[in-house]
Amino acid sequence: MTRKVHVLAFEDDPHALALSWALERMGVQVVLSTGLAQWRGREVGIEIGPGHVGLRDMGDAPISVWNRRPQAPKLKPSLPQDEAFLAGEWRTFYENLVATAPKLLPSFWVNPPEESRRAENKLLQLVAARDVGLKFPETVMGNDAAALRQLAQGGRVVFKAFHPHLWREEGGLSAATTILDNDHLPDTQVIEFCPGIYQHYVEKTADIRVTVAGNRLLAVRMRRRSGEGYVDWRTHVLEQDFFAERITLPATLEKGIQALMASLGLVFGCLDFVVDADGAYQFLEVNQAGQFLFLEDMIPDIGVMRMVASFLAAGKRDYSVVEDASLTMAEFRSSKAYVDLARRLHMDEPSIV
């Protein structure tokens, strides 16, 4: 039986296409679709009875389903008076489909849809981190000005939005990560206008990105060559002073990370930590569908593509990494698949950060 991996992602997602390229080089058949409801076109049927449940005409189940960044189905053109009804029916059907997906497709899910959705909850992440003993900055979530002012008594505070967002300003786009101090907090009315995430700013020496795939993980430390940490390393990766290296995490931290993943029901994730002045690792967040291929631009021989491709091809938490040294971002960039992707996106360098 031919091994098959089903990838659910938006069209021309660079990560999905890069891993599909790697899997096919490993002899694994890849089925790409934008979502579970679109896996064989526009029609989808769920059959359920006393002794069976499944997707109609699915064929052999894939060894794994990479629930990368699936999209909800788009509506067909319809009469204006029908649009609200159709939108509601498709939305509810898709919610039913997603909630039961692992039963309909009895494969190894990376990650299961319901767990993926829950893991996007930032408060749930911190509660789970607390429960497994991971250290993280003191945090206030919401729009309570008094709580924020009390938090700021202990030092500078970082504001982050619940969802990534870019504002168009003079000179370009800006993101929503801002450092505040007690003397320059917004007015109470401004704070109460919109909830946010406020955390003590950690005077850090480095940022840590951990990519977890099943029972394996890769950790990278990022900092200035001059030794200082960045407020946001993502805006500095092309600078000459930027430095990244693969590291081995303390065993207790690795154990805590795996406990956090298990608590959230995840088998894959990209976790962000910072290292404080005392050398302690402080957890910031886990992105269950995070980016990881950019690590090979920083450290070409890190092998993160091989690790994730091996994980998807194995369809289980415990697996061996293939030894094919050609499964790299450098090789992918020289492939026809990459050239075609860049042309479709009208970009010399499709973003993988």
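The values are calculated or read from the model by the stated rules, or taken from the named source; none is laboratory data. Computed from a prediction, not measured in an experiment: that's the story for all the values here. Quick reminder, even Gly has a Cβ in these numbers, built from the backbone with ideal geometry, and neighbours come from all protein chains shown.
Tally time: how many residues in the range 72-120 are among the polar types (S, T, N, Q) and either closer than 26 Å to Ala262 by Cβ or surrounded by 13 or more Cβ atoms within 10 Å (Cβ to Cβ) (or both)? Of the residues in the range 72-120, 4 are among the polar types (S, T, N, Q) and either closer than 26 Å to Ala262 by Cβ or surrounded by 13 or more Cβ atoms within 10 Å (Cβ to Cβ) (or both). Ala309 fulfils the conditions (1) hydrophobic (A, V, I, L, M, F, W, C); (2) part of a helix (DSSP H, G or I); (3) out of contact with any helix residue (DSSP H, G or I) (no Cβ under 6 Å at 6 or more places or on another chain) except for a single criterion, (3). Checking each residue in the range 121-135 for being surrounded by 15 or more Cβ atoms within 10 Å (Cβ to Cβ) and closer than 23 Å to Cys194 by Cβ picks out Lys122, Gln125, Leu126. The set of residues from the range 167-212 being modelled with pLDDT under 90, among the aliphatic types (A, V, I, L, M) and assigned to a strand (DSSP E or B) comprises Leu173, Ala175, Ile179, Leu180. The sole residue among Arg91, Arg69 that is touching a residue at least 60 places away in the same chain (Cβ under 8 Å) and assigned by TED's automatic domain parsing to the domain that holds Leu327 is Arg69. The combined condition, being farther than 15 Å from Val308 by Cβ and either touching a Pro at 6+ places or on another chain (Cβ under 9 Å) or hydroxyl-bearing (Ser, Thr, Tyr) (or both), is fulfilled by Val31.
Screening Asp297, Asp348, Asp340 for residues that are among the acidic types (Asp, Glu), assigned to a loop (DSSP other than H, G, I, E, B) and either at pLDDT below 95 or assigned by TED's automatic domain parsing to the domain that holds Pro62 (or both) leaves exactly one candidate, Asp348. Reported count of residues in the range 134-163, each being in contact with a Ser or Thr (Cβ under 7 Å, 6 or more places away or on another chain) and either without any contact (Cβ under 8 Å) to a residue 24 or more places away in the chain or not aliphatic (A, V, I, L, M) (or both), is 2.
Checking each residue in the range 70-90 for being of a type in the set (D, E, K, R), under 29 Å from the mean Cα position of the chain (by Cα) and in a helix (DSSP H, G or I) picks out only Glu89. Considering only residues in the range 213-225 that are touching a strand residue (DSSP E or B) at 6+ places or on another chain (Cβ under 9 Å) and not in a strand (DSSP E or B), the one that is surrounded by the fewest Cβ atoms within 10 Å (Cβ to Cβ) turns out to be Arg225.
The number of residues in the range 1-21 being under 13 Å from Thr34 (Cα atoms), part of a strand (DSSP E or B) and touching a helix residue (DSSP H, G or I) at 6+ places or on another chain (Cβ under 7 Å) comes to 3. Being touching a strand residue (DSSP E or B) at 6+ places or on another chain (Cβ under 8 Å) and over 26 Å from Val212 (Cβ atoms) is a property that holds for Leu97. Which one is surrounded by the fewest Cβ atoms within 10 Å (Cβ to Cβ), of the residues in the range 22-40 that are at pLDDT 95 or above and assigned to a helix (DSSP H, G or I)? Ranking the candidates gives Glu24 first.
Within the range 314-337, can you find the residues that are surrounded by 19 or more Cβ atoms within 10 Å (Cβ to Cβ) and in contact (Cβ under 8 Å) with a residue 60 or more places away in the chain? If you could, list the steps in order and put the result at the bottom.
Residues of the range 314-337 surrounded by 19 or more Cβ atoms within 10 Å (Cβ to Cβ): 314-315, 327-329, 332.
Across the range 314-337, the qualifying residues are Ala314, Gly315, Leu327, Met329, Phe332.
On inspection, Leu249 qualifies as surrounded by 13 or more Cβ atoms within 10 Å (Cβ to Cβ) and assigned to a loop (DSSP other than H, G, I, E, B).
Output the number of the condition that Phe243 fails; it satisfies all remaining conditions of (1) under 19 Å from Asp318 (Cβ atoms); (2) outside any helix (DSSP H, G or I). All conditions pass for Phe243, except number (1).
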